[in-house]
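Some notes on the structure that comes next.
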Amino acid sequence: MTDHPTDNDRELRVSKIENGTVIDHVPGGQALKVLAILDIDGSTGETVSIGMNIPSEKLGRKDIVKVESRELSQNEVDVISLIAPDASINIIREFDVIEKSRVDRPATVTDVIACPNRNCITTQSEPVVSKFDVVDDGVRCIYCDTIVRDDLAEHIQTG
């Protein structure tokens, strides 16, 4: 008997979830941004599994996020698509994938992202919800033209 690992020993082993959502094909290193988008910081007791920088033929490296007992809203999926345009969303019920879909980048996102421009009408006391056009390198506020790129997850409106 040899002490060398077999191919089966080298397989990725991540436990299945009974109910919830699996977000796969997230670009490597972006899982924590996905958690920020979902407003998951560990304080609410949600069970989350994360695989980071997993080898992927398609992406080179990918992350996987599993959130138990939660199905994502369309707004959450839309925002995830902005940082992970090749992501797939798998809805799990009773340990089985009952729905699998690819994210689709929307043309606009409404009332999801807070404009970082303090002079924007959406940050004043006016009853105006934020609205951003999705552009190649981020999102652009339709009111003040501010573009949000790399720090998108920091501007997600929660609650």
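Each row is one residue, and each column tells you yes or no for (1) within 18 Å of Val148 (Cβ to Cβ); (2) of a type outside the set (A, V, I, L, M, F, W, C); (3) touching a residue at least 40 places away in the same chain (Cβ under 8 Å); (4) in contact with a Lys or Arg (Cβ under 8 Å, 6 or more places away or on another chain).
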| position | (1), (2), (3), (4) |
| --- | --- |
| Thr21 | no, yes, yes, yes |
| Ala31 | no, no, no, no |
| Leu35 | no, no, no, no |
| Met52 | no, no, no, no |
| Pro55 | no, yes, no, yes |
| Lys66 | no, yes, yes, no |
| Leu72 | no, no, yes, no |
| Ile83 | yes, no, yes, yes |
| Asn90 | no, yes, yes, yes |
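Could you count how many residues in region 93-136 are open to solvent by less than 60 Å² (accessible area, probe 1.4 Å), within 22 Å of Ser56 (Cα to Cα) and not in a loop (DSSP other than H, G, I, E, B)?
Number satisfying all stated conditions: 1.
Would you please name the residue that is most open to solvent (accessible area, probe 1.4 Å), looking only at residues in region 60-75 that are outside any helix (DSSP H, G or I) and of a type in the set (S, T, N, Q)? Quick ask: steps written out before the conclusion?
Quick first cut of region 60-75, residues outside any helix (DSSP H, G or I) only: 60-73.
Among the residues that remain, those that are also of a type in the set (S, T, N, Q) are: 69, 73.
Numbers: Ser69: 103, Ser73: 51 Å².
Only one residue fits best here, namely Ser69.
For residues in region 76-92 being small (Gly, Ala, Ser) and farther than 18 Å from Ile17 by Cβ, which is surrounded by the fewest Cβ atoms within 10 Å (Cβ to Cβ)? Break it down into steps so the answer makes sense when it comes.
Taking region 76-92 as the starting set, the residues that turn out to be small (Gly, Ala, Ser) are 81, 84, 87-88.
Narrowing further to those that are farther than 18 Å from Ile17 by Cβ: 81, 84.
Values: Ser81: 19, Ala84: 25.
Residue satisfying both the conditions and the ranking: Ser81.
The values are calculated or read from the model by the stated rules, or taken from the named source; none is laboratory data. Remember, predicted model here, so these are calculated numbers, not experimental data. Every residue, glycine as well, gets a Cβ built from its backbone with ideal geometry; the counts of neighbours run over all protein chains shown. Areas reflect the complete protein model, heavy atoms only, side chains present, ligands, DNA and RNA absent. Shrake-Rupley method; radii C 1.70, N 1.55, O 1.52, S 1.80 Å.
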